[in-house]
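Contents: one structure, followed by commentary.
The values are calculated or read from the model by the stated rules, or taken from the named source; none is laboratory data. Computed from a prediction, not measured in an experiment: that's the story for all the values here. Here the Cβ is made from the backbone with ideal geometry for all residues, glycine too, and neighbour counts use every protein chain on show. Just the protein is used for accessible areas: all its heavy atoms, side chains included, with ligands, DNA and RNA removed. Shrake-Rupley method; radii C 1.70, N 1.55, O 1.52, S 1.80 Å.
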Amino acid sequence: MSRTQKAIQDFENTELEKMRTLDAFLRIPSVSADPEMKTHVLEAAEFLKSYFDKLGMDEVKIFPTDLHPVVFAEKRSHLPDTKTLLIYGHYDVQPPDPLDAWTTPAFEPSIRDEHLFARGSSDMKGQILATVFALESVLKTGELPINIKFILEGEEEIGSPSLEGFIREHTDLLKCDMILNPDAGMINKNSPTIVNGLRGLVYFEIRIDGPKMDLHSGLFGGNVANPANVLAKIIAQLHNPDGSVAIPGFYDSVRVLSDEDRKKIALNPTSETDFLKITGAPAISGEEGYTLLERQGARPTLDVNGLYAGFIGEGAKTIIPAYAKAKISCRLVPDQDHSNIYELAEKHIRSLVPSTVTVSFIKHSGGPSYLADDAPGLPNLIQAFKEIWQKDVVFKREGGSIPVATVMQEILGVKSILTGLGLPDDAIHSPNEHLHLHTWRKGIQAYIHFLTSFEA
Ligand SMILES: [Zn+2]
């Protein structure tokens, strides 16, 4: 029996124990957004630390930050010239609300039809433990063929405020040759997936001010500009009829999709029907001339994320609102620069504002897009997935952003392998979040293959 097979067998023999560990981890309500749960976030960090201690890691440490701590662990190989793999994860979870929408309570894990229901099961406590359990079984079968480091944060669900500073301060500790980030996920349970592109983001807010207070619409309507009407008119002018963004210069630096890019994207079997099923939207809508998957990962967008004006309570109230606000974000692709796009957007919007109102802007955040076809270690993981699923991996350009990947590339100089065992219908961030256990088990076997693939 090969070492890989022995390690897989070890995992299978100890699976009940491992399920109990996962169950205990999921019972900790490590909701980073809720100040009342702060001690539970720490409890989850301590849970990881004690498990790493039990595994006999060479170094395990909880680093405090301004808010929730970072857990670091390292296991060094005793073999010469070994490479180092850094595994990233987050042990915090989204709030479980609305509580009454859960069939079983969010922090009382429950298995139904091969799915483990609990907040954090898919995003991403189950994903973290999948890598830890793979390491555990590999350790039992001999010397590690690579050095392994873990960096596990407790603030991902609130935008990772401490992570970048932590990485900057600990570049030696985090020095590595490869990074595995299993917070991305699969397109379906039959298709192991590598995310090879991420979109960037710019997020801002516009505020239109009119009268100094809400006015009676009967007495004043018709003689003062209504900020809500003005804002709606501005927003309506941000897109062209073909669905493209109408900000001048918006597409100037967008990298044109090559035939090869388009072929790679088209290998992803996600269909419009799948997309409609997941979203519940009545129809697909988007920029003309591009496929659904091209629009999802390789074309930029502009969207209103929130809109506020006037009276939004029950019933009727006849006013001209004093102000109106919109939160707007753009998803960006290579080689758009987020600061430049923000400037173009602000300039364009200012040009649309009439002199009957005033406008102000708040810029919230910005981050670059990312391409990682050449992340170190990627061929080993592709092969490992193939061994277990007996299928080629699917590459996906993700519509969202994973800021930690861009931050790590910038500071540590290493591109991340973005993958994971989560499925699109796991209901992450929603009630009844669940993890498909069969996929999770296969994934652990694939991670075992991945780790042993570095044997000389
Ligand atoms: Zn996550």
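So that you can scan it fast, the table gives a plain yes or no per residue for (1) of a type outside the set (Lys, Arg); (2) more than 24 Å from PHE395 (Cα to Cα); (3) part of a loop (DSSP other than H, G, I, E, B); (4) more than 22 Å from the chain's Cα centre (by Cα):
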{"residue": "ASP274", "(1), (2), (3), (4)": "yes, no, no, no"}
{"residue": "LEU293", "(1), (2), (3), (4)": "yes, no, no, no"}
{"residue": "LEU302", "(1), (2), (3), (4)": "yes, yes, no, no"}
{"residue": "GLY306", "(1), (2), (3), (4)": "yes, yes, no, no"}
{"residue": "ILE312", "(1), (2), (3), (4)": "yes, yes, yes, yes"}
{"residue": "LYS327", "(1), (2), (3), (4)": "no, yes, no, no"}
{"residue": "ASP335", "(1), (2), (3), (4)": "yes, no, yes, no"}
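Output the residues belonging to the stretch 153-177 that are open to solvent by 30 Å² or more (accessible area, probe 1.4 Å), away from the ligand (no atom under 16 Å from the Cβ) and not in a loop (DSSP other than H, G, I, E, B).
Those that are open to solvent by 30 Å² or more (accessible area, probe 1.4 Å), away from the ligand (no atom under 16 Å from the Cβ) and not in a loop (DSSP other than H, G, I, E, B): GLU164, GLY165, ARG168, GLU169.
Scan the stretch 386-404 and give yes if some residue there is part of a loop (DSSP other than H, G, I, E, B) and modelled with pLDDT of 95 or more, otherwise no.
The answer is yes; a qualifying residue exists.
Which residues, counting only those in the stretch 122-158, are among the acidic types (Asp, Glu) and within 27 Å of ILE187 (Cβ to Cβ)? Show your work before the answer.
Of the residues in the stretch 122-158, the ones among the acidic types (Asp, Glu) are 123, 136, 143, 153, 155-157.
Within the stretch 122-158, ASP123, GLU153, GLU156, GLU157 qualify.
Would you point out the residue of the stretch 67-111, among those that are out of contact with any Lys or Arg (no Cβ under 9 Å at 6 or more places or on another chain), closer than 30 Å to GLU36 by Cα and charged (D, E, K, R), that is nearest to the ligand (Cβ to nearest atom)?
ASP92
Which of the following residues is modelled with pLDDT under 95, among the aliphatic types (A, V, I, L, M) and open to solvent by 40 Å² or more (accessible area, probe 1.4 Å): VAL224, VAL304, VAL256?
VAL256
Among the residues of the stretch 202-218, is any of a type outside the set (Asp, Glu), more than 30 Å from ILE328 (Cα to Cα) and either away from the ligand (no atom under 16 Å from the Cβ) or in the same structural domain as GLY443 (by TED's automatic domain parsing) (or both)?
Looking only at the stretch 202-218, we keep the residues that are of a type outside the set (Asp, Glu), and these are 202-204, 206-208, 210-213, 215-218.
Still in the running and more than 30 Å from ILE328 (Cα to Cα): 218.
With the extra rule that they be either away from the ligand (no atom under 16 Å from the Cβ) or in the same structural domain as GLY443 (by TED's automatic domain parsing) (or both), the set shrinks to 218.
The answer is yes, given that some residue of the stretch 202-218 is of a type outside the set (Asp, Glu), more than 30 Å from ILE328 (Cα to Cα) and either away from the ligand (no atom under 16 Å from the Cβ) or in the same structural domain as GLY443 (by TED's automatic domain parsing) (or both).
Look through the stretch 136-152, keep the residues that are hydrophobic (A, V, I, L, M, F, W, C) and surrounded by 20 or more Cβ atoms within 10 Å (Cβ to Cβ), and return whichever of them is farthest from the ligand (Cβ to nearest atom).
Going through the qualifying residues, I end up with LEU144.
So is SER401 within 28 Å of TYR290 (Cα to Cα), open to solvent by 20 Å² or more (accessible area, probe 1.4 Å) and among the hydroxyl-bearing types (Ser, Thr, Tyr) or not?
Against the criterion (within 28 Å of TYR290 (Cα to Cα), open to solvent by 20 Å² or more (accessible area, probe 1.4 Å) and among the hydroxyl-bearing types (Ser, Thr, Tyr)), SER401 qualifies.
Going by the structure shown, is ASP81 out of contact with any strand residue (DSSP E or B) (no Cβ under 8 Å at 6 or more places or on another chain) and at positive phi?
yes
Might you check whether a residue that is in a strand (DSSP E or B) and either within 12 Å of the ligand (Cβ to nearest atom) or touching a helix residue (DSSP H, G or I) at 6+ places or on another chain (Cβ under 8 Å) (or both) occurs anywhere in the stretch 117-126?
No, the stretch 117-126 has no match at all.
Criterion first (within 16 Å of the ligand (Cβ to nearest atom) and at pLDDT below 95) does ALA266 satisfy it?
Numbers: within 16 Å of the ligand (Cβ to nearest atom): no; at pLDDT below 95: yes.
Answer is no for this residue.
Give the residue, chosen from PRO35, PRO95, PRO69, that is open to solvent by 30 Å² or more (accessible area, probe 1.4 Å), farther than 18 Å from ALA134 by Cβ and in contact with a strand residue (DSSP E or B) (Cβ under 7 Å, 6 or more places away or on another chain).
PRO95
Hey, can you tell me all the residues within the stretch 424-433 that are within 15 Å of the ligand (Cβ to nearest atom), open to solvent by 20 Å² or more (accessible area, probe 1.4 Å) and under 23 Å from PRO269 (Cα atoms)?
PRO424, ALA427, ILE428, listed by residue number.
Within the stretch 405-423, how many residues turn out to be within 16 Å of the ligand (Cβ to nearest atom) and either assigned to a helix (DSSP H, G or I) or among the basic types (Lys, Arg) (or both)?
Residues meeting the conditions: 4.
Please identify the pairs in which a residue from the stretch 146-175 that is within 25 Å of THR39 (Cβ to Cβ) has its Cβ atom under 9 Å from the Cβ atom of a residue that is of a type in the set (Phe, Trp, Tyr) and not in a strand (DSSP E or B), counting only partners at least 6 apart or on another chain.
As it stands, the answer is PHE150/PHE52; ILE151/PHE166; LEU152/TYR91; GLU153/TYR91; GLU153/PHE166; GLY154/TYR91; GLU156/TYR91, since those pairs meet every condition given.
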